[in-house]
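Peer 1: Dumping the structure here so I can ask a few things about it.
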Amino acid sequence: MSPDRHPQLSLRLPVWRTRFVVVLLLAGFGGLAGRAAWLQGFDSGFLQRKGERAAVENRTIPAHRGTIVDRNGEVLAKSTPLLSVAADPSRATLSDAQRTALAPLLGVPRAELDRKLPFVAAPADHETRRSGFVWLRRQLEPEVGQQVQKLGLPGITVEPEFRRYYPAADVTAHLVGFTDLDDHGQEGLELAYQDWLSGHPGSRRVVKDRKGHAIEDVAAVRAPQQGRDLALSIDLKLQYLAWRELRAAVTANKARAGGVVVLDARTGEVLAMANTPTFNPNNRNDGDPEHRRNRTMVDLFEPGSTIKPFTIAAAVDRGLISPATRIATSGGVITVGNRTIRDAHAPPGDLTVEEVIQRSSNVGTVRIAQRLGAHALWQVLSGAGLGSAPRSGFPGEIGGRLRDPARWLPIEQATISYGQGMAVSLMQLSRAYTVFCNDGALLPVTLVRRDTPVAGVPVISASTAEAMRRMLQLVTQPGGTATRAQVPGFSVGGKTGTAYKVVNGRYASNRYIASFVGFAPATAPRLVVAVMIDEPSAGEHYGGQVAAPVFAKVMGGALRMLGVAPDDASLKSAGPVAPTLPPFVAPDAAPRLVSTRAEGA
């Protein structure tokens with residue numbers, strides 16, 4: 001049968017169907033052509049955005065954190081450039097050999113690398129993969145980062161970062177503080193001045209290849225705003241001197257901890273602030289968290305006899321007594337309510353006000369406080385900054401404890417007059433002594449270098465301050481409780497303190513805080529140095545035995561470093577001070593309050 005006669009081959013389609021199909025094809029091609037024309041001629045930004053998303057991206061330019069320096073420009077904290085390795089998990093399709101080569105360069109176990117970049121995405125990794133970014137190793141040395149970059153692995157990028165470096169390490173650790181991995185301040189002045197130091201990161205637009213590596217900079221979208229430098233009031237040489245002597249004293253006395261503060265007596269600038277135990281801020285995994293506490297700022301203790309000069313100054317300032325006024329000490333015993341307060345080895349007979357200071361008589365101080373009254377005593381203590389934060393700018397500084405005088409009982413007024421029943425920080429105590437050095441005015445303290453002088457707040461009269469300077473010199477001279485505080489060639493004034501520690505709400509009979517606060521030259525004070533030794537346990541525990549020698553070494557070294565001229569010709573050629581105290585040893589010992597029912601306070 002011929003093909004023309006086969007029924008299926010001879011089938012004729014309707015003309016309209018052929019034409020309909022042709023029209024549909026033409027309409028489809030016309031639509032595609034129109035869409036192409038629209039995208040390329042009128043909406044080209046869409047294609048450009050899609051292309052840029054695949055080949056162009058904005059990358060962060062980290063800002064350089066400001067440098068922290070001491071008052072003389074010595075670097076205390078500086079940011080150093082490093083490289084960090086990151087990955088885009090959706091693109092980092094690394095072979096087994098590539099992973100084996102990468103892991104040792106990063107210094108991470110192969111298993112950890114496989115966990116961050118699994119061969120097959122597990123449900124737990126979906127969030128990471130959607131984020132398109134994961135750190136493989138932060139802050140590598142530049143040469144290691146460059147080796148990783150040379151491998152040319154897909155999805156693996158090397159990002160610039162900064163890491164903080166502290167040249168003085170544990171010497172300034174508590175003061176300067178430290179930053180975290182992202183260069184954000186965590187403690188100390190790094191935290192307090194975070195906004196000042198940090199700056200603002202910039203960004204740049206780069207062209208990247210199919211592996212995600214940047215191959216060309218297109219433009220700088222935003223320039224980074226670098227952090228600002230910070231000049232502290234600290235003198236690094238004095239800081240090291242204070243830290244070295246404190247560490248030696250804490251070790252020799254088998255103490256739990258200690259602190260030293262050195263103030264410029266004319267400006268209120270903190271020239272040194274040392275603590276022990278300490279830590280190394282260059283090693284973020286180093287040390288016990290307890291070692292990171294800045295004890296001079298955040299630890300409170302009962303100041304003991306170092307408060308007696310303020311009690312006496314308040315009475316002198318109101319004309320109630322003079323340095324020569326005789327005070328009846330009743331043989332070193334006084335009863336207030338149902339409590340008995342005793343002097344340690346009080347000499348017989350009455351004492352002048354000068355001798356009350358020199359021999360640190362608790363009974364004599366209580367007698368003077370009784371003449372003074374609670375509110376008048378509180379006014380001077382509060383005016384000297386005790387009971388309120390020093391406002392130095394250090395994060396977490398504490399305000400101490402000084403109760404409202406309207407609520408004082410007679411026994412509280414008595415004990416507060418010699419430094420028990422209240423609490424201070426070492427910074428508060430050292431600042432308070434600027435009252436005696438600046439004609440009765442309390443200076444504001446600062447941890448940042450001060451280029452212009454500041455006025456203090458009057459607390460007592462200039463004549464009272466001068467009288468107190470003369471009386472406090474007696475403490476360091478023969479017959480006083482702190483002959484070990486003498487500095488050859490310089491007149492020194494100051495006061496010892498020894499207080500029982502409070503444990504579980506009661507005074508512990510064998511735990512002490514030994515302290516000494518003083519200034520020199522006493523005729524025209526240049527420095528104030530405060531020393532606190534916590535729980536000395538090597539046999540001596542009085543302030544004159546434990547803290548005063550540290551004061552002498554720090555003060556003597558500091559005055560020489562600052563080029564201060566000696567003012568005491570009688571001491572210029574003096575030899576080492578005898579280590580023994582006068583026969584009435586340690587009358588500044590923490591007084592024992594004896595109840596008719598039980599002993600304690």
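Peer 1: Please specify each residue of segment 75-104 satisfying the condition of being buried (at least 16 other Cβ atoms within 10 Å of the Cβ), touching a helix residue (DSSP H, G or I) at 6+ places or on another chain (Cβ under 6 Å) and either hydroxyl-bearing (Ser, Thr, Tyr) or closer than 21 Å to residue 163 by Cβ (or both).
Peer 2: 76, 77, 83, 85
Peer 1: Additional query: Please work out which one of (1) within 41 Å of the chain's Cα centre (by Cα); (2) assigned to a loop (DSSP other than H, G, I, E, B); (3) under 24 Å from residue 475 (Cα atoms) is the condition residue 322 fails and give its number.
Peer 2: Residue 322 satisfies every listed condition except (1).
Peer 1: Pull up segment 334-368, narrow it to residues that are open to solvent by 40 Å² or more (accessible area, probe 1.4 Å) and assigned to a helix (DSSP H, G or I), then point me to the one that is farthest from residue 322 (Cα to Cα).
Peer 2: Within segment 334-368, the subset open to solvent by 40 Å² or more (accessible area, probe 1.4 Å) is 335, 337-339, 342, 345, 348-350, 354-355, 359, 367.
Checking which are assigned to a helix (DSSP H, G or I) leaves us with 354-355, 367.
Numbers: 354: 9, 355: 12, 367: 14 Å.
My answer is 367.
Peer 1: Let me ask something additional. Do any residues in segment 100-120 that are within 21 Å of residue 139 (Cβ to Cβ) have Cβ atoms under 6 Å from those of residues that are open to solvent by less than 50 Å² (accessible area, probe 1.4 Å) and basic (Lys, Arg), where the two are at least six apart or on different chains, and which pairs are they?
Peer 2: Taking only residues 6 or more apart or on different chains, the pairs are 113/99.
Peer 1: Could you tell me whether residue 103 is part of a helix (DSSP H, G or I), hydrophobic (A, V, I, L, M, F, W, C) and at pLDDT 85 or above?
Peer 2: On the way: part of a helix (DSSP H, G or I): yes; hydrophobic (A, V, I, L, M, F, W, C): yes; at pLDDT 85 or above: yes.
Criteria met by residue 103.
Peer 1: Could you list, in sequence order, the residues of segment 360-384 that are within 20 Å of residue 341 (Cβ to Cβ) and β-branched (Val, Ile, Thr)?
Peer 2: 363, 365, 366, 368
Peer 1: Of the residues 363, 298, which is touching a helix residue (DSSP H, G or I) at 6+ places or on another chain (Cβ under 9 Å) and either at pLDDT 95 or above or among the aliphatic types (A, V, I, L, M) (or both)?
Peer 2: Numbers: 298 fails: touching a helix residue (DSSP H, G or I) at 6+ places or on another chain (Cβ under 9 Å).
Within the list 363, 298, the selection yields 363.
Peer 1: Continuing with this model, one more query. If you take the residues of segment 320-333 that are among the hydroxyl-bearing types (Ser, Thr, Tyr) and within 13 Å of residue 368 (Cβ to Cβ), which of them is surrounded by the most Cβ atoms within 10 Å (Cβ to Cβ)? Full working, then the answer.
Peer 2: Pass one, segment 320-333, residues among the hydroxyl-bearing types (Ser, Thr, Tyr): 322, 325, 329-330.
Still in the list and also within 13 Å of residue 368 (Cβ to Cβ): 322, 325, 329.
Values: 322: 12, 325: 17, 329: 25.
Ranking the candidates gives 329 first.
Peer 1: If residue 40 meets every condition in (1) open to solvent by less than 40 Å² (accessible area, probe 1.4 Å); (2) modelled with pLDDT of 65 or more apart from one, which number is that one?
Peer 2: Among (1) open to solvent by less than 40 Å² (accessible area, probe 1.4 Å); (2) modelled with pLDDT of 65 or more, the lone unmet condition for residue 40 is (1).
Peer 1: Which residues, taken from segment 323-334, are among the small types (Gly, Ala, Ser) and either in contact with a strand residue (DSSP E or B) (Cβ under 9 Å, 6 or more places away or on another chain) or within 10 Å of residue 367 (Cβ to Cβ) (or both)?
Peer 2: Filtering segment 323-334 down to residues among the small types (Gly, Ala, Ser) leaves 324, 328, 330-332.
Those that are among the small types (Gly, Ala, Ser) and either in contact with a strand residue (DSSP E or B) (Cβ under 9 Å, 6 or more places away or on another chain) or within 10 Å of residue 367 (Cβ to Cβ) (or both): 324, 328, 330, 332.
Peer 1: Another one. Answer yes if at least one residue in segment 72-90 is of a type in the set (D, E, K, R), at negative phi and part of a strand (DSSP E or B), and no otherwise. Steps first, please.
Peer 2: Step one: of segment 72-90, the residues of a type in the set (D, E, K, R) are 74, 78, 88.
Subsequent filtering for residues that are at negative phi retains 74, 78, 88.
Filter again for part of a strand (DSSP E or B), leaving 78.
Yes, because at least one residue in segment 72-90 is of a type in the set (D, E, K, R), at negative phi and part of a strand (DSSP E or B).
The values are calculated or read from the model by the stated rules, or taken from the named source; none is laboratory data. Remember, predicted model here, so these are calculated numbers, not experimental data. Quick reminder, even Gly has a Cβ in these numbers, built from the backbone with ideal geometry, and neighbours come from all protein chains shown. Ligands, DNA and RNA are excluded from the accessible area calculation, which covers all protein heavy atoms including side chains. Shrake-Rupley method; radii C 1.70, N 1.55, O 1.52, S 1.80 Å.
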